[in-house]
Amino acid sequence: MSHGNGYSTGRVDLDLIAQMIAPGSRVLDVGCGDGELLELLTRKKNVDGRGVELSQEGVNACVARGLSVVQGDADTDLADYPDDAFDYVILSQTIQATRNPREVLRAMKRIGRHVVVSFPNFGHWRVRLQLLFSGRMPETPSLGHSWYDTPNIHLCTLLDFTKLCDDLGLAIEDVVTVSGETTRRLTRPGAIANLLAGDAVFLLSRHDRQTR
């Protein structure tokens, strides 16, 4: 999907994240997978990009792209980074697979001036209907695993994530929800967005940044 910026990865959430990143920024992509987003940001936004990836296969793919990526675990290895080390810390479609999402988000807040998080919305109407009528754990395009083999161990809704941001003192600068090919930009998600969004991308910053 293209957004009029002259480039597209084919993954809507990655394209949306790329739009949120200022050119020339210092960026850490946590759970960067094969490096698709990091490569895009390096080429099109001229960022100083670094990545952390759990799987050796992902690290190898990133290195093959010429990216600076280390093998690491979001739950444990973010503690090694100093305060304010990056302008943006990104966690794309990964927070629901971490063991302690609250502490991961807290660490991202500490090391980045801005935090970008995308995740599947467990409050989407299709998820609700599947659970209501089938009585079984839902499977959707964003949640395409059976309950017994899913990496998604901490699913949440838009409202759940918004509350966590409030609890951690993270200001919501921008939210874009995704439903199929439709994207919507919000200032703060409410009940309707929580019902309609299949996925969401949040741009966050510390509250104390806004007062400086």
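The values are calculated or read from the model by the stated rules, or taken from the named source; none is laboratory data. These figures come from a predicted structure and were not determined experimentally. Here Cβ is always computed from backbone atoms with ideal geometry, including for glycine, and neighbour counts include all displayed protein chains. In case anyone asks, the SASA skips ligands and DNA or RNA and just uses the protein heavy atoms, side chains included. Shrake-Rupley method; radii C 1.70, N 1.55, O 1.52, S 1.80 Å.
Can you tell which of Ser179, Ser134, Ser142 is polar (S, T, N, Q) and surrounded by fewer than 17 Cβ atoms within 10 Å (Cβ to Cβ)?
Values: Ser179 fails: surrounded by fewer than 17 Cβ atoms within 10 Å (Cβ to Cβ); Ser142 fails: surrounded by fewer than 17 Cβ atoms within 10 Å (Cβ to Cβ).
Checking each option against the conditions leaves just Ser134.
Confirm whether Arg128 is over 20 Å from Glu173 (Cβ atoms) and in a helix (DSSP H, G or I). Step through it out loud before you land on a result.
Numbers: over 20 Å from Glu173 (Cβ atoms): yes; in a helix (DSSP H, G or I): yes.
Taking the combined requirement at face value, the residue satisfies it.
Yes or no, residue by residue, for (1) surrounded by fewer than 19 Cβ atoms within 10 Å (Cβ to Cβ); (2) in contact with a helix residue (DSSP H, G or I) (Cβ under 8 Å, 6 or more places away or on another chain):
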{"site": "Val12", "(1), (2)": "no, no"}
{"site": "Ile21", "(1), (2)": "no, yes"}
{"site": "Ser25", "(1), (2)": "yes, no"}
{"site": "Asp29", "(1), (2)": "no, yes"}
{"site": "Cys32", "(1), (2)": "no, yes"}
{"site": "Arg43", "(1), (2)": "yes, no"}
{"site": "Asn46", "(1), (2)": "yes, no"}
{"site": "Gly51", "(1), (2)": "no, yes"}
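Against the condition among the hydroxyl-bearing types (Ser, Thr, Tyr) and in contact with a Cys (Cβ under 9 Å, 6 or more places away or on another chain), how does Ser118 come out, does it pass?
On the way: among the hydroxyl-bearing types (Ser, Thr, Tyr): yes; in contact with a Cys (Cβ under 9 Å, 6 or more places away or on another chain): no.
When the stated conditions are applied, Ser118 does not pass them.
Which fully enclosed strands (runs of 3 or more DSSP E) of the range 151-212 have 2 or more residues being out of contact with any Asp or Glu (no Cβ under 8 Å at 6 or more places or on another chain) and of a type in the set (D, E, K, R)?
Values: elements: 170-179, 182-186, 199-206.
Counting at least 2 such residues, we get 170-179.
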- prompt: If you check Ser142 against the conditions, is it farther than 24 Å from Arg102 by Cβ, hydroxyl-bearing (Ser, Thr, Tyr) and either modelled with pLDDT under 95 or touching a Lys or Arg at 6+ places or on another chain (Cβ under 9 Å) (or both)?
  reply: no
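Would you mind stating whether Asp83 is farther than 19 Å from Asp199 by Cβ and modelled with pLDDT of 95 or more? Break it down into steps so the answer makes sense when it comes.
Values: farther than 19 Å from Asp199 by Cβ: yes; modelled with pLDDT of 95 or more: yes.
Answer is yes for this residue.
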- line: Of the residues in the range 161-176, those that are over 15 Å from the mean Cα position of the chain (by Cα) and open to solvent by 30 Å² or more (accessible area, probe 1.4 Å) come to Lys163, Asp166, Asp167
message: Let me spell it out: the conditions are (1) more than 26 Å from Gln19 (Cα to Cα); (2) in contact with a Cys (Cβ under 7 Å, 6 or more places away or on another chain), and Asn100 meets all of them except one. Which number is the exception?
response: (2)
